[in-house]
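A.B. asks: Attaching a single structure in structure tokens format; questions to follow.
The values are calculated or read from the model by the stated rules, or taken from the named source; none is laboratory data. Owing to the predicted nature of the structure, the values given are computational and were not obtained by experimental measurement. Here the Cβ is made from the backbone with ideal geometry for all residues, glycine too, and neighbour counts use every protein chain on show.
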Ligand SMILES: [Zn+2]
């Protein structure tokens, strides 16, 4: 969410607030069980129906895909060369998606590389159009930055909180009633110091809350996760490995709790279904029935629209 200390312009916090209201009072029922893995990309590829998906203005990934990730291939199309990542899956059709890292192609294991490349060539007009749109978005992205000073504001659990430098105790204090975070720094504190302190607090809160929600949803889903780490991935809200290691983007802390719960439920559901097939979504639905809305919200709020911290 661009957090703009009241400087006019797009009011993203209100989007989040609207969402908070929309979700207010909803609760998730109970679950069933099973076992497996996967991760939650920010754009497109987690959709059950997968036509080419236009990304929502992603960022180039901060960290390259790690071991096991698809490698980048290059295809020459006339005068242009196109880089893409090829991922094999159990799906029956070839899927294309474009996100912060460019084009990804998902194809059934039995489809040859030649067939994949033929499909890309057939789809090239769409692909190049979408890649160009994505590039434009990146270029046009004039990101509002938080002005790190007394009186700055940023979303926390879907609602704006006010940053104050001075605190009564001289240390960090959060007052939920007034939604004020007093960080206990002198009036002449540098922006960097303010930022570090606020970010540190946000991450601490994120970790505490994520573990709490993971524990809750793990019980509902009857799964066990082995660890929880914070990530700051630019293209992912969360991930889950087959050995039960969950990573959650700490920036989720800007969103209302139901959105965090959705990501938590999503990742834990991968411990039962290592895919994004119908059974996976049924699993998610058992503990988080309003997952479609939450998923949509996250798509509309890619991380580069979150405050720059
Ligand atoms: Zn997933």
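A.B. asks: For a quick check of your reading of the model, give me the residue pairs whose first member lies in segment 226-246 and is closer than 19 Å to residue 203 by Cα and free of Cβ contacts under 8 Å to residues at least 40 places away in the same chain, whose second is away from the ligand (no atom under 13 Å from the Cβ) and in a loop (DSSP other than H, G, I, E, B), with beta-carbon atoms closer than 7 Å and at least 6 apart or on different chains.
C.D. replies: Short answer, once both residue conditions are applied: 245/226; 246/225.
A.B. asks: Another one. Please go through (1) surrounded by fewer than 24 Cβ atoms within 10 Å (Cβ to Cβ); (2) away from the ligand (no atom under 16 Å from the Cβ); (3) closer than 30 Å to residue 162 by Cα for residue 219 and return the number of the only condition it doesn't satisfy.
C.D. replies: For residue 219, the exception is condition (3).
A.B. asks: Here's a follow-up. Evaluate segment 156-171: report whether one residue or more is within 18 Å of the chain's Cα centre (by Cα) and in a loop (DSSP other than H, G, I, E, B).
C.D. replies: Checked against the condition, which is being within 18 Å of the chain's Cα centre (by Cα) and in a loop (DSSP other than H, G, I, E, B), segment 156-171 yields at least one hit.
A.B. asks: I'd like the residue in segment 250-276 that is outside any helix (DSSP H, G or I) and more than 15 Å from residue 295 (Cα to Cα) and, out of all such residues, is nearest to the ligand (Cβ to nearest atom). Before you say what the answer is, go through the steps one by one.
C.D. replies: Initial filter on segment 250-276 (outside any helix (DSSP H, G or I)): 255-256, 270-276.
Within this subset, residues satisfying the condition of being more than 15 Å from residue 295 (Cα to Cα) are 270-275.
Working: 270: 6, 271: 11, 272: 12, 273: 9, 274: 9, 275: 8 Å.
Going through the qualifying residues, I end up with 270.
A.B. asks: Taking the condition of being in contact with a strand residue (DSSP E or B) (Cβ under 9 Å, 6 or more places away or on another chain) and assigned to a loop (DSSP other than H, G, I, E, B), how many residues in segment 177-189 meet it?
C.D. replies: 4
A.B. asks: Based on what the data block shows, is residue 309 in contact with a helix residue (DSSP H, G or I) (Cβ under 7 Å, 6 or more places away or on another chain), within 29 Å of residue 192 (Cα to Cα), modelled with pLDDT of 95 or more and away from the ligand (no atom under 16 Å from the Cβ)?
C.D. replies: Values: in contact with a helix residue (DSSP H, G or I) (Cβ under 7 Å, 6 or more places away or on another chain): yes; within 29 Å of residue 192 (Cα to Cα): yes; modelled with pLDDT of 95 or more: no; away from the ligand (no atom under 16 Å from the Cβ): yes.
For residue 309, the condition - in contact with a helix residue (DSSP H, G or I) (Cβ under 7 Å, 6 or more places away or on another chain), within 29 Å of residue 192 (Cα to Cα), modelled with pLDDT of 95 or more and away from the ligand (no atom under 16 Å from the Cβ) - is not met.
A.B. asks: Give the residue that is farthest from the ligand (Cβ to nearest atom), with candidates limited to residues of segment 277-290 that are modelled with pLDDT of 95 or more and farther than 17 Å from residue 91 by Cβ.
C.D. replies: Among residues in segment 277-290 that are modelled with pLDDT of 95 or more and farther than 17 Å from residue 91 by Cβ, the one farthest from the ligand (Cβ to nearest atom) is 289.
A.B. asks: Something else: Can you give me the number of residues within segment 227-241 that are away from the ligand (no atom under 14 Å from the Cβ) and either at pLDDT 95 or above or over 16 Å from residue 260 (Cα atoms) (or both)?
C.D. replies: Of the residues in segment 227-241, 5 are away from the ligand (no atom under 14 Å from the Cβ) and either at pLDDT 95 or above or over 16 Å from residue 260 (Cα atoms) (or both).
A.B. asks: Might you check whether a residue that is more than 25 Å from residue 154 (Cβ to Cβ) and touching a helix residue (DSSP H, G or I) at 6+ places or on another chain (Cβ under 6 Å) occurs anywhere in segment 233-245?
C.D. replies: Within segment 233-245 (the criterion being more than 25 Å from residue 154 (Cβ to Cβ) and touching a helix residue (DSSP H, G or I) at 6+ places or on another chain (Cβ under 6 Å)), the answer is yes, since at least one residue qualifies.
A.B. asks: Can I ask one more? Is it fair to say residue 192 is over 30 Å from residue 103 (Cα atoms), modelled with pLDDT of 85 or more and assigned to a helix (DSSP H, G or I)? Before you say what the answer is, go through the steps one by one.
C.D. replies: On the way: over 30 Å from residue 103 (Cα atoms): yes; modelled with pLDDT of 85 or more: yes; assigned to a helix (DSSP H, G or I): yes.
Yes; evaluated as a whole, the condition is true for this residue.
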